[in-house]
1. Of everything in region 125-152, what is within 13 Å of the chain's Cα centre (by Cα), at pLDDT 95 or above and not in a strand (DSSP E or B)? Give them in sequence order.
2. Here is a check on your reading of the model: is residue 157 in contact (Cβ under 8 Å) with a residue 40 or more places away in the chain and touching a helix residue (DSSP H, G or I) at 6+ places or on another chain (Cβ under 7 Å)?
3. Can you pull out the residues in region 148-175 that are within 19 Å of residue 3 (Cβ to Cβ) and charged (D, E, K, R)?
4. Within region 87-111, which residues are surrounded by 10 or more Cβ atoms within 10 Å (Cβ to Cβ), in contact with a Ser or Thr (Cβ under 7 Å, 6 or more places away or on another chain) and among the β-branched types (Val, Ile, Thr)?
5. How many residues are of a type in the set (A, V, I, L, M, F, W, C) and surrounded by fewer than 17 Cβ atoms within 10 Å (Cβ to Cβ) when one looks only at region 113-135?
6. Quick check on region 68-86. Is at least one of its residues surrounded by 10 or more Cβ atoms within 10 Å (Cβ to Cβ) and closer than 26 Å to residue 17 by Cα?
7. Inside region 61-97, can you point out the residues that are in contact with a Pro (Cβ under 8 Å, 6 or more places away or on another chain) and charged (D, E, K, R)?
8. Being touching a residue at least 24 places away in the same chain (Cβ under 8 Å), among the small types (Gly, Ala, Ser) and surrounded by fewer than 14 Cβ atoms within 10 Å (Cβ to Cβ) narrows it down to one of 53, 40, 61, 46, so name that one.
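The values are calculated or read from the model by the stated rules, or taken from the named source; none is laboratory data. Just so we're clear, the structure is a prediction, and the values are computed from it rather than from any experiment. Glycine gets a Cβ as well: all are built from the backbone with ideal geometry, and neighbour counts include every protein chain shown.
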Amino acid sequence: MGFSIAEELASQGAQVVLVSGPTALNTQNPNIERIDVVSAQEMYEASLQFFPACDGGIMTAAVADFSPVIIESKKVKRGKENYFIELTPTKDIAASLGKIKTTNQFLLGFALETNNEESNAKVKLEKKNLDFIVLNSLNDKGAGFQFDTNKITVINKLGECKKFELKSKTEVAKDIVNELIAYYEE
């Protein structure tokens with residue numbers, strides 16, 4: 001989804017900085033500067049580095065909420081009955097950007113929900129100081145991960161909701177960008 005939105009923004013003339021975790025996907029448009037990261041910490045640092053100079057941020061996917069306290073340098077062999085991994089919370093990138101966002105910037109986040117979807121998304125929108133949140137549901141057939149399609153609801157900071165039908169991620173990206181443009185042209 002992030003790559004589709006980056007391509008759509010770039011096709012409309014935007015200069016895009018795309019911070020991406022490991023993926024086989026490639027960018028096509030020369031208006032996209034790609035920053036590759038491996039860890040949640042690297043994504044956090046890159047996002048904080050580039051966001052202040054941008055008109056806004058679109059946070060399409062959440063990194064893991066937790067990471068291991070100890071990262072093993074070698075394979076852990078069998079031999080113990082139980083093996084415990086201690087986890088520590090990762091930094092919340094969207095919330096951190098929401099704290100430093102200026103009045104001239106926008107911030108759009110995504111919410112993948114399985115229950116109380118719309119109310120949970122609205123709480124996240126407010127808690128993280130987002131201007132928009134794109135809600136996807138794992139309950140919708142053909143939407144979410146592992147599909148080339150998605151079905152979304154866009155909610156803005158005024159609480160207005162717009163629901164979209166199941167579409168290709170390229171078409172969904174156009175819908176999201178058009179919602180941003182329409183909101184700021186009003």
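1. If the condition is that a residue be within 13 Å of the chain's Cα centre (by Cα), at pLDDT 95 or above and not in a strand (DSSP E or B), then 125, 128, 130 are the ones that fit.
2. Here the answer is no, as residue 157 does not meet what is asked.
3. 148, 151, 167, 169, 171, 174, 175
4. 90, 93
5. 1
6. Within region 68-86 (the criterion being surrounded by 10 or more Cβ atoms within 10 Å (Cβ to Cβ) and closer than 26 Å to residue 17 by Cα), the answer is no, since none of the residues qualifies.
7. 65, 86
8. 61
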